[in-house]
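Readers should treat all values here as calculations from the given coordinates under stated rules, not as data from a laboratory. All of these numbers come straight from a predicted model, not from anything done at the bench. We place every Cβ from the backbone using ideal geometry, glycine too, and count neighbours over all the protein chains shown.
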C-alpha cells in the first residue's frame, strides 16, 4: 500500500489518495477466484472446475474486482490514515475508484478525522467544594431506613385499607371499554401512597376492605410514556385480596446485633456516621470534579464533528443494552414500552455523549501538552487489575483492550489528576 497524497478538503475532512501494487491486487483477485469458483457455473465445465481466464472471459475481466477491492480496502485505509498522521472517526467514507487492473489498484477516500484541539489555562482552576457535615439527625434518619428494611409484614383483617398498607390486588384497565396492553395483573403487591401507579389510583383503594371489587377511575398524565394512553381517561376493575402492614422492630442492642457486626447501638451509630461522612465526601468530590470538567470544556477550542457525538451515543446505547440484558430485559421490549425507536434512543443519549467527547478531547490534549504517558509497569499493572476485576485471564483482557488504547486511558487519568492537583479549591458551607 502506498499513500500517494493527503489533502484537507474541509474542517475535519481529508481526502487520501491510495495506491496498491499490481502484484498485491492480483493476489487478492486470485484469492477471490479460489473462494468463489465453486459457486460459478460455466458451460462445458463442472462447477468449480472452470479456470479463472474462462470465467473472466464469460462474465468480464472485472468479475472479481469488487470483492478483491473489499478485501484489500480496510487494511489499506488503516495504513494510509496512520501514514498521514491522522486519527480516523468512524463515519461515512466517500470512496472514489480511480483505476483497477494489472497495474494495481488506485482509489481516493474522503474521511472524517478527529479535530485539532487547543486548551490553555487549565492549571489553577477555581472550584467550590461543599463542606461535609453529618448530624445526629442524619444518623437517626439512616437508622430508620435500616429499621424499615428489617420490618416484618403482618396481615391485616380487621379494618379497611389505609395509606402505607401493602394491598394485594387484581386489576384490569380499559379505555372506552377496551382493555389495553400492560393494564392487567393478578395478585399484585402495591404500597398505598408510594406513587408507584398513576395519580389517583392508590387513593381510591384506601377505605376498601378485603374481598371488595370496585372500579378505579383515573386519567393518564399528558406526559405518560405510552403515546396511545396520554391524557386518556381509564377505568380499572380492581379486586382487593389481601392487606399487609409493616411491623417495625425496636431499635436497641438486640436489633443492632441482627443487622450488623456490632454489639451495641452506640457502636452502630458511630459506624453509620462514618459511612455517611464518606459517602458525602465522595459526593462533594464528584461535584467539585464536575465544576472542574465544565471549566475545562469552556477552555477547550475545537471544531468537533457531529459524527463523534453520534458514535459515542451509540456506544452508550450499547452499554445501556448490556445493562438491560443483565436485568433480564432486552432493548426491543424497552423501546416498545417507552414508545421510542433506535434513532430516538440515540438522540436521548446525545447530550451526555457530547459532554463525554468534549472532556475526553480536552484531557487528551492536556496529556499531549504535558507529555504525560503510561509506563510499561503501569500498563502491566492495569491489565492485571482489569483481569482481577472481571475475573478472567489477563491474556483475554489484552486481546479485548489494545495496549495503545489502555495507554491513552492511563494518560487521560494522569491529565485529570494534574488538573485536580493544581485546582484552587474553596470550601463552602453545606
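Take every Cα pair under 8 Å whose residues are at least 6 apart in sequence, average their separation, divide by the length of the chain, and the relative contact order is 17 percent. From largest to smallest, the equivalent ellipsoid semi-axes obtained for the chain from the alpha-carbon gyration tensor read 58, 37, 22 Å.
Between residue 389 and residue 266, full extension at 0.36 nm per residue minus the direct alpha carbon distance yields a gain of 40.7 nm.
In the Gaussian network model of the chain, springs joining C-alpha atoms below 10 Å, which of 231, 211, 44 carries the largest mean-square fluctuation? Between 231, 211, 44, it is 44 that shows the largest mean-square fluctuation. For the pair residue 123 and residue 428, what calculated FRET efficiency results from E = 1/(1 + (r/R0)^6), where r is the Cβ-Cβ distance and R0 = 22 Å, to the nearest 0.05? Once rounded, the FRET efficiency stands at 0.50. Once the convex hull of all Cα atoms in the stretch 2-113 is built, its volume per residue stands at 99 Å³. Annotation for residue 137 and residue 209: the two label points, set 7 Å from Cα along the Cα-Cβ direction, are 4.3 nm apart. Pulled fully out, how much extra length does the chain show between residue 244 and residue 3, if you take 0.36 nm times their separation in residues and subtract their Cα-Cα distance? Gain in length upon complete extension: 79.2 nm. The order of 236, 255, going from fewest to most other C-beta atoms within 10 Å of their C-beta, is 255, 236. Taking 46, 420, 152 in turn, the Gaussian network model of the chain (Cα-Cα springs below 10 Å) assigns the largest fluctuation to 46.
Principal-axis analysis of the Cα atoms of the chain puts helix 22-36 at an angle of about 60° to the longest axis. Could you tell me how many degrees, from 0 to 90 and to the nearest 10, lie between the Cα long axis of helix 136-149 and the main elongation axis, the longest principal axis, of the Cα atoms of the chain? Taking the Cα atoms of the chain, the angle to 136-149 is about 90 degrees. Rounded to the nearest 10 degrees, the inclination of helix 403-421 to the longest alpha-carbon principal axis of the chain is 50 degrees. Rg and Dmax of the stretch 94-140, both derived from C-alpha coordinates alone, stand at 29.4, 84 Å. Share of pairwise Cα-Cα distances greater than 21 Å in the stretch 259-428 is 68 percent (whole percent). When the chain is treated as a GNM with alpha-carbon contacts under 10 Å, the residue of 28, 399, 76 showing the greatest mean-square fluctuation is 399.
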